Amino acid sequence: MARFELGETLFTTDEIAVRVRDLARQISRDYEGEEILMVGILKGAFVFLADLARCITAPVRFDFISCSSYGSSTKTSGVVRLQKDLDTDIADRHVLVVEDIIDTGLTLSYLLKNLEARGPASLEICSLLNKQVPGKADLEIRYEGFSISDVSIVGYGLDYDESYRNLPYIAALKK
Ligand code: PRP
């Protein structure tokens with residue numbers, strides 16, 4: 001297995017905090033007078049979700065969903081399987097799906113279809129990072145933190161082999 005170490009910092013703790021507050025301001029404005037059901041996609045989204053939610057002024061409830069795509073650790077096969085479903089009935093609820101990163105977009109394409117079929121009042125995506133990769137699934141991302149190039153990164157919820165999720169900033173992985 002290839003060995004990796006931490007490379008350059010791509011987004012500092014302060015840069016992330018500023019962007020998270022911006023997104024929260026936008027979300028609070030858009031959902032004024034409505035309750036948001038924030039759906040975190042496990043596991044990577046938990047850090048971003050916790051920080052984002054604490055800056056949102058609209059009323060918020062939480063649920064979590066977990067899915068996996070078959071394939072190697074670095075290449076997805078495009079087949080997504082639900083591992084943990086929501087506890088909540090989302091019919092007529094304003095659902096905001098929160099992701100740490102969108103890579104190929106396959107996970108979210110699958111999830112959005114699945115959630116849309118349950119009849120939410122609205123369904124939007126908020127992702128901290130959006131990776132620019134060729135052949136990406138066509139997704140409408142209402143709230144995007146940062147657009148990034150196709151590099152391997154860790155920190156702020158993102159892992160390499162389950163490590164580094166607790167880094168308070170986002171760094172590249174160096175081979
Ligand atoms: C990552 C990330 C997204 C997904 C994006 O999760 O958190 O859920 O991959 O990839 P895609 O756009 O190509 O589908 P991962 O499967 O690594 O699980 P984790 O959140 O537990 O780290």
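Taken together, the residues in the range 128-161 that are within 13 Å of the ligand (Cβ to nearest atom), part of a loop (DSSP other than H, G, I, E, B), at pLDDT 95 or above and of a type in the set (D, E, K, R) amount to 1. Annotation note: Cβ proximity below 7 Å between a residue of the range 114-139 that is in contact (Cβ under 8 Å) with a residue 24 or more places away in the chain and a residue that is among the basic types (Lys, Arg) (sequence gap 6+ or interchain) occurs for Pro120/Arg93; Ala121/Arg93; Glu124/Arg142; Ile125/Arg142; Cys126/Arg142. Kindly indicate the residue of the range 124-147 that is under 14 Å from the mean Cα position of the chain (by Cα) and more than 14 Å from Leu23 (Cβ to Cβ) and also surrounded by the fewest Cβ atoms within 10 Å (Cβ to Cβ) among those meeting that condition. If we take residues in the range 124-147 being under 14 Å from the mean Cα position of the chain (by Cα) and more than 14 Å from Leu23 (Cβ to Cβ), then Glu140 is surrounded by the fewest Cβ atoms within 10 Å (Cβ to Cβ).
Against the conditions (1) crowded, with 17+ Cβ neighbours inside 10 Å; (2) near the ligand (Cβ under 9 Å from one of its atoms); (3) in a loop (DSSP other than H, G, I, E, B), Tyr110 satisfies every one except (3).
Of the residues screened, Ile125 is not one that is farther than 16 Å from Met38 by Cβ, at pLDDT 95 or above and within 14 Å of the ligand (Cβ to nearest atom). Summed over the range 148-165, the residues that are of a type in the set (Ser, Thr, Tyr) and either in contact with a Pro (Cβ under 8 Å, 6 or more places away or on another chain) or surrounded by fewer than 11 Cβ atoms within 10 Å (Cβ to Cβ) (or both) give a count of 3.
The values are calculated or read from the model by the stated rules, or taken from the named source; none is laboratory data. Because the structure is a prediction, the values reported are computed rather than measured. Glycine gets a Cβ as well: all are built from the backbone with ideal geometry, and neighbour counts include every protein chain shown.
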